[in-house]
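The block underneath contains the structure these notes are about, expressed in structure tokens.
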Amino acid sequence: MMKVVTNSKTNLFEKIGLDILQFMKENFGILIGFVALCVALSIISPAFLTEANILNILRQVSTNANLALGMTLVIIICGIDLSVGSIVALSGTVTGGLIAFSGVPISIAVLIGILVGTLAGAFNGVVVAYTGIPSFIVTLAMLNIARGAAYVYTGGQPIRVMNEGFNVIGAGYLGPIPLPVIYSFIFLVITFLILNKTKLGRHIYAVGGNKEAARFTGIKIKKVEIFVYTFSGFLAAFSGVVLAARMFSGQPTVGNGFELDAIAAVVLGGTSMTGGIGKIGGTLIGVLVIGVLNNGLNLLNINSFWQLIIKGIVILAAVYVDMMKKRKEARA
């Protein structure tokens, strides 16, 4: 009996070790880049490796992590979601307005705010699935619709929500760990399980790999597409509520450019823009690279205009590397 238990433990450790080695092999390039970036910043700025700054980075990347998780699924099915930043703003302002203007209980307001953003994501999915309009166009339209709705609802002004109970959702801690980091970790596990342990995950890869082949095998492509965009909308809506809670306000301008950081993180993490390929572990590293890069540029007092240029170059380089990798695999 004891021998069986020992073998089981040995097999488990061996499997974990092999999984770690496989993960490092798949993400070797970006891991080296991430370590090099951290080493360079720790030499240039002594403040970089402090506990306070590391927790600050984790808190700051939590929003991008949530958006990037949803974006990973979207890009795996060969789509794109440009509306996540605007959904962040819409869900945050709706939640803030319900609490500040209408006296709605916090829990109800939070649920409604998340529901509004989730429905916006579902709308994206339904239109993409049933009309055949490219996701770029559909989500670009939702980018404007959601942002416009946030401006109309607030009159273009931030909605102050001076409520400690609401603030805890975004600024609270569990021990030394900020709550937004805990939320992101939970979503990370859920998304990993969906992609790697469920039939739905296999269908997501199949749809992204070859849509027609997936159709012939009986996969309900429309349902897969609707789920993926709805999930992306949900994660953006949740992030919007958490961000509004942390800032004590729902702001219609928040979230500008968030979609670019999410896309950059996903592409850096090895998810192919041509669909069918992508891993949540790679996305996590991509999120950390973008977060450390943002933090480092701030520590070095690089102004925001140059930060945009640098991040644009990073995105371009990541897409170029992805293209070269695809060509190499095609020749092999």
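The values are calculated or read from the model by the stated rules, or taken from the named source; none is laboratory data. Since we're looking at a predicted model, the values are computed, not measured. Because the Cβ atoms are built from the backbone with ideal geometry, glycine has one as well, and the counts that use them run over all protein chains shown. With ligands, DNA and RNA removed, areas are computed over all heavy atoms of the protein, side chains included. Shrake-Rupley method; radii C 1.70, N 1.55, O 1.52, S 1.80 Å.
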- request: Could you list, in sequence order, all residues of the range 70-88 that are part of a loop (DSSP other than H, G, I, E, B) and touching a Lys or Arg at 6+ places or on another chain (Cβ under 7 Å)?
  value: none
message: Here's a check for you: in the range 99-108, which residue that is touching a residue at least 24 places away in the same chain (Cβ under 8 Å) and assigned to a helix (DSSP H, G or I) is least open to solvent (accessible area, probe 1.4 Å)?
response: Ile99
- prompt: For the range 223-332, which fully contained helices (runs of 4 or more DSSP H) count at least 3 residues that are out of contact with any helix residue (DSSP H, G or I) (no Cβ under 7 Å at 6 or more places or on another chain) and free of Cβ contacts under 8 Å to residues at least 60 places away in the same chain?
  reply: 304-331
message: If I filter the range 81-98 down to residues being in contact (Cβ under 8 Å) with a residue 60 or more places away in the chain and open to solvent by 10 Å² or more (accessible area, probe 1.4 Å), which single residue comes out as farthest from Asn163 (Cα to Cα)?
response: Leu82
field: Odd one out for Val39 among (1) in a helix (DSSP H, G or I); (2) in contact with a helix residue (DSSP H, G or I) (Cβ under 6 Å, 6 or more places away or on another chain); (3) open to solvent by 30 Å² or more (accessible area, probe 1.4 Å); (4) modelled with pLDDT of 85 or more
entry: (2)
- prompt: In the set Phe28, Phe34, which member is open to solvent by 10 Å² or more (accessible area, probe 1.4 Å), within 20 Å of the chain's Cα centre (by Cα) and aromatic (Phe, Trp, Tyr)?
  reply: Phe34
message: Suppose the filter is farther than 24 Å from Val35 by Cα, surrounded by 20 or more Cβ atoms within 10 Å (Cβ to Cβ) and at pLDDT below 90; does Gly240 pass it?
response: no
statement: Matching residues in the range 273-288 (over 13 Å from the mean Cα position of the chain (by Cα) and buried (at least 20 other Cβ atoms within 10 Å of the Cβ)) number 2
